[in-house]
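One structure is given below, represented as C-alpha cells, and several questions about it will come after.
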Amino acid sequence: MEDDAPVIYGLEFQARALTPQTAETDAIRFLVGTQSLKYDNQIHVIDFDDENNIINKNVLLHQAGEIWHISASPSDKGVLATCYNKTADSKVVTCAAVWRMPLELEPGGQDSPEDAASPAHALELLCHLEPAARGSTACVAWEPAGDGKRVISLADNHILLWDLQESSSQAMLASSASLEGKGQLKFTTGRWSPHHNCSQVATANDTAIRGWDTRTMSQIYCIESAHGQLVRDLDFNPNKQYYLASCGDDCKVKFWDTRNVAEPVKTLEEHSHWVWNVRYNHSHDQLVLTGSSDSRVILSNMVSISSEPFGHLVDDDDLSDQEERRLEEKTRRLRCPIWRRR
C-alpha cells in the first residue's frame, strides 16, 4: 500500500478541543478551538482536500474565552457549541454557548494575532447555556439524530436537557437531574447514544459511569467502579446498541455491555499513562482509536466484539491462514506527540 505524506496544520495557540463537522456532507471538515490568555481565542475551520492531499482553513474569532470543549450540530453545519472559561467574582468558571458561523466562509483567514490586514471572521452568539447556580459546564452533547434542537449539558453534578428554539436563538431548560451522594460530585464527560431513538445518555463522574433515560431523566444503569481512577471519555459503538467504550487515568480502555455491567466485555492495557480519548470508527466499528498523555495514539482492531465479521476490511486472497490469525485482535501503534508529561 502506498503511504501518503502526512498533512500537518499548525496553530498559533495551544488547543485541546477538536470535533468533526458531520453535518457538512460536501467536505471533510474539522473544528479546532484554541486556548490563549493573551489574545482572542479562535476556532479554526479545517477542510481536508483528499484529492490533492492539502488543507484549506478559515479562522473564526471566539472572544468569550479559552475553549475547553467544542461540538458541532449534527443537522446544521453552521451551528456549534463551546465550553469556555470566563472570570466572574474573582473565580474562573466554565460556561457554554451556542454559536453560528458566517453563512459564507471565504478562503483564507487570520495568519497571526498581529496580522491586522487579514481579520478573522466573527462568530454570532445564538444563546447561552448557563442556568443559575449550576456550576461549571464540562461538555455539551447534541442529540445525534433529529433537527439539532436538543442538547445535553453537564454542569458540576447536574445533567441538563435543553430545547433550542427557532434558529437556536433561545434555549429552554426542558428537564434536569442531579447526582446524589456524599462529597463534591462532578460530571467529567458525557455521550449521547445514537441508539434507542436517542433516548439514552451516558455520563462519567469520578470512577463511575451512569446511563440516563432522557425521557424521564432517571438513571437506568450504573457502573460504580468502572475504572480504578478518573474516567476521561466515553463512546458508543455506532452499530451495536448496547456496547460502550470508556477510558481513564488508570491507563485502561474498557468495553461494556450496558445490559450486564458487572464486568467489562474486554479491557485494553496498551497505554502507559492517562487515556484521554476513545473513539469508534463510524464505518468499521472494529477499529477503535485512543489518545493518551503517554504521547501515543493507538488504533486497535477489536474484531471479536465488533458487528462485522473477521476479514471484512481485507481481501481474503491476499492473506495466508497464518496472516489471518495474526491479524485478529492485532493492535497497530501509531506514535504521535500529543502531549508529553514532564
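Got a sec to turn the phi values of the range 220-225 into Karplus ³J(HN,Hα) couplings, 6.51 cos²θ - 1.76 cosθ + 1.60 with θ = phi - 60°, whole Hz, x for Gly and Pro?
So the J values, rounded to whole Hz, are 10, 7, 8, 10, 4, 10.
On to the next question. Please list, in order along the range 279-286, the HN-Hα scalar couplings obtained from phi with the Karplus expression 6.51 cos²θ - 1.76 cosθ + 1.60 (θ = phi - 60°), rounded to whole Hz, x for Gly and Pro.
9, 7, 6, 6, 9, 10, 6, 7
What does the extension gain come out to for residue 186 and residue 267, with contour length at 0.36 nm per residue minus their alpha carbon separation?
Separation in residues times 0.36 nm, less the Cα-Cα distance, equals 26.6 nm.
Non-local amide H neighbours of residue 157 (under 5 Å, H modeled in plane, Pro and chain starts lacking H): which ones?
187
Once you have a ≥ b ≥ c as the square roots of the Cα gyration tensor eigenvalues for the range 6-62, tell me rounded if a/c is under 1.5, and otherwise prolate or oblate according to whether a/b is larger than b/c.
Working: a/c = 2.50, a/b = 1.71, b/c = 1.46.
Prolate.
To continue, here is another question. Ranked from the most accessible area to the least, with a 1.4 Å probe and all protein chains present, what is the order of 259, 16, 29?
259, 16, 29
Here's a follow-up. Suppose each label sits 7 Å from its Cα in the direction of the beta carbon; what would the residue 170-residue 56 distance come out to in nanometres?
3.8
For the range 196-263, what is one quarter of the convex hull surface built on the Cα atoms, given in nm²?
Taking a quarter of the hull surface, the average projection is 4.3 nm².
Taking H placed 1.01 Å from N in the peptide plane, check which residues at least 5 places from residue 200 or on another chain put their amide H under 5 Å from its amide H.
193, 214
How high is the FRET efficiency from residue 241 to residue 9, r the C-beta distance, R0 30 Å, rounded to 0.05?
For R0 = 30 Å, the calculated efficiency reads 0.25.
With a ≥ b ≥ c the root eigenvalues of the C-alpha gyration tensor of the range 1-102, is it rounded (a/c under 1.5), prolate (a/b larger than b/c) or oblate? Please report the intermediate quantities before stating the final value.
Details: a/c = 2.72, a/b = 1.72, b/c = 1.59.
Prolate.
How large is ³J(HN,Hα) for each residue in the range 226-237, as worked out from phi by the Karplus curve 6.51 cos²θ - 1.76 cosθ + 1.60 (θ = phi - 60°), to whole Hz, x for Gly and Pro?
Rounded to whole hertz, the list is 5, 9, x, 9, 3, 7, 9, 7, 9, 7, 8, 4.
Amide H of residue 126 versus every other amide H placed in the peptide plane: which residues, excluding those fewer than 5 positions away on the same chain, fall under 5 Å?
98, 99, 100
Among the chymotrypsin sites (Phe, Trp or Tyr not before Pro) in the range 232-308, which ones are in a DSSP loop with at most 10 other Cβ atoms within 10 Å of the Cβ? Mind listing them?
For chymotrypsin sites (Phe, Trp or Tyr not before Pro) across the range 232-308 that sit outside H, G, I, E and B with at most 10 neighbouring Cβ atoms in 10 Å, the list is empty.
Over the range 118-248, what lengths in whole Å, largest first, do the semi-axes of the equivalent ellipsoid take, defined as the square roots of 5 times the eigenvalues of the alpha-carbon gyration tensor?
Over the Cα atoms of the range 118-248, the ellipsoid semi-axes are 25, 18, 16 Å.
Something else now. Once the piece of chain linking residue 91 and residue 281 is laid out straight, how much longer is it, given 0.36 nm per residue of separation minus the C-alpha distance between them?
The residue 91-residue 281 span can extend by a further 64.5 nm.
The values are calculated or read from the model by the stated rules, or taken from the named source; none is laboratory data. The model shown is predicted, which means the values in this text are computed figures rather than measured ones. Note that each Cβ is placed from the backbone with ideal geometry, even for glycine, and that neighbours are counted across all protein chains shown. Surface accessibility is based on the protein's heavy atoms, side chains included, excluding ligands, DNA and RNA. Shrake-Rupley method; radii C 1.70, N 1.55, O 1.52, S 1.80 Å.
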